[in-house]
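The values are calculated or read from the model by the stated rules, or taken from the named source; none is laboratory data. If you're wondering where the values come from, they're calculated on a predicted model, not measured in any experiment. A quick note on method: Cβ atoms are made from the backbone with ideal geometry, for glycine too, and the neighbour counts reach across all protein chains shown.
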Amino acid sequence: MNVLYIEPAFPANQREFVRALSSIGAHVLGIGERPYDWIDDETKSWLGGYQQIASVTDEGALEWAVREAQSRMWIDRLEATIEAHILPAARVRERCAIPGISARTAYLCRDKVAMKEVLRRAGVPTAASAGVSSTAEARDFAEAVGFPVIIKPRAAAGALGTFRAGNPGELDAAARASGLADGAPAAIEEFIEGHEGFYDTLAIEGHIGHDFISHYFPNVLEAMRTRWISPQIIATNRMDAPAYAEVKEMGRQVIEALGIGTAATHMEWFFGPKGLKFSEIGCRPPGVGQWDSYSASNEFDLYREWALAVCLHRTDRVPSRRYACGIIALRPDRDGRIAGYEGADEIFRKYGDLVVGQHFPALDTLTQPVEAGYMANAWMRLRHPDFDVLHGILNEIGERVQVRAH
């Protein structure tokens, strides 16, 4: 089977998808923006060819690269796993008659306003929302729905470019900061109070082959705005708990309503006083290396399961559900350069056998801003058979490990 894979080497975990495809016997051809010489030797060993183009989101350039490959061999799949690449890949896939996620489905998973309109018609509980192109339209929505509201780009990923407004003054400020005041289109939504988590699946021909549920501590918007917080994401191993039945059913409805065939999905949800509410979906794997958490917690290679799904429409392994697995972000106390780590040695002595991933930038490394994400600076990934015990250990790490900068 010949598979074209978009951006095989950046970001770093992209190579895992290439490895997995190669491991099941696929002939993998890469399309990317970086020179071939920049790709590490191991990733090169998994690639049967590579085409550099100026931008993988330029549909014209991407289509040229795909047709060039088709002129030499039959292409069975064109795959992408980065949010910004999903829609261009789907449009080119259709023009080049390659099976996979349709452009309609990719668009609905990208545009938050259209997404929620389709899901509301399908009976999926979602926050009130609308597309707006001016501050006046945003004010009208807020007056009708009530404060607080959320303003975000229609095609953003995660909390990037997202603003909460609790009153008219904050709404005007959010409109200016988001570009809405200058006419940039945006999505505006009712703010849903409650705990935030996500439901990730590997869908195979419209059915859920693998699924996972994770929790944010605290919710993303607060985590991405507050330096002193060491935020956590924990994947549960209690997937059979009755409390999750509603989340699973909601995910099944979303996959059906959006016409998702064979693909990874990432669905955000809230649960609070108004019950369970769907937030948004990406037709792709989650970020922050979360598939590494799922692989560690379930003692299998999820990347290989994905490769089997997209190439052969099947999976091989059953997740063990033996461990909960969580990541904690450790933020520098200020912007600057890393000066040192306090408390880390003690934590490794105490919990080193639970650690399944870590990153502590070298001293004098430039820090990254808080809004750059959970893995932008130092982080640790741990697993434990008990979700609550793991949550307590991550809390302890957040309290004891201090990242100093100067």
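May I ask you to list the residues in the range 353-394 that are among the aliphatic types (A, V, I, L, M), exposed (fewer than 15 other Cβ atoms within 10 Å of the Cβ) and closer than 23 Å to Val220 by Cα?
Once the filter is applied, which keeps residues that are among the aliphatic types (A, V, I, L, M), exposed (fewer than 15 other Cβ atoms within 10 Å of the Cβ) and closer than 23 Å to Val220 by Cα, the range 353-394 yields Ala372, Val389.
In the range 278-312, how many residues are closer than 20 Å to Lys116 by Cα and modelled with pLDDT under 95?
Selection size over the range 278-312: 2.
Quickly run through the range 116-136 and pick out the residues that are in a helix (DSSP H, G or I), surrounded by fewer than 16 Cβ atoms within 10 Å (Cβ to Cβ) and assigned by TED's automatic domain parsing to the domain that holds Gly183.
Selection gives Ala136 alone.
Take the conditions in contact (Cβ under 8 Å) with a residue 12 or more places away in the chain, under 26 Å from Met224 (Cα atoms), surrounded by fewer than 17 Cβ atoms within 10 Å (Cβ to Cβ) and not assigned by TED's automatic domain parsing to the domain that holds Glu268 and apply them to Gly161. Does it pass?
Values: in contact (Cβ under 8 Å) with a residue 12 or more places away in the chain: yes; under 26 Å from Met224 (Cα atoms): yes; surrounded by fewer than 17 Cβ atoms within 10 Å (Cβ to Cβ): no; not assigned by TED's automatic domain parsing to the domain that holds Glu268: yes.
The answer is no for Gly161.
Pull out all pairs, ordered by first then second residue, where Cβ-Cβ is under 6 Å, the residues are six or more apart or on different chains, the first lies in the range 182-193 and is closer than 13 Å to Val132 by Cα, and the second is in a loop (DSSP other than H, G, I, E, B) and not basic (Lys, Arg).
So the pair list comes out as Pro185/Ser133; Glu189/Ala127.
Please enumerate the residues belonging to the range 231-270 that are in contact with a helix residue (DSSP H, G or I) (Cβ under 9 Å, 6 or more places away or on another chain) and either surrounded by fewer than 17 Cβ atoms within 10 Å (Cβ to Cβ) or assigned to a loop (DSSP other than H, G, I, E, B) (or both).
Pro231, Thr236, Asn237, Arg238, Met239, Gln253, Gly259, Ile260, Gly261, Thr262, listed by residue number.
Can we say Asp182 is of a type in the set (Asp, Glu) and outside the structural domain of Leu382 (by TED's automatic domain parsing)?
Working: of a type in the set (Asp, Glu): yes; outside the structural domain of Leu382 (by TED's automatic domain parsing): yes.
So Asp182 fits the description; yes.
Which of (1) within 15 Å of Glu137 (Cα to Cα); (2) surrounded by 17 or more Cβ atoms within 10 Å (Cβ to Cβ); (3) at pLDDT below 90 does Ala184 not meet, given it meets every other one?
That leaves (2) as the condition not met.
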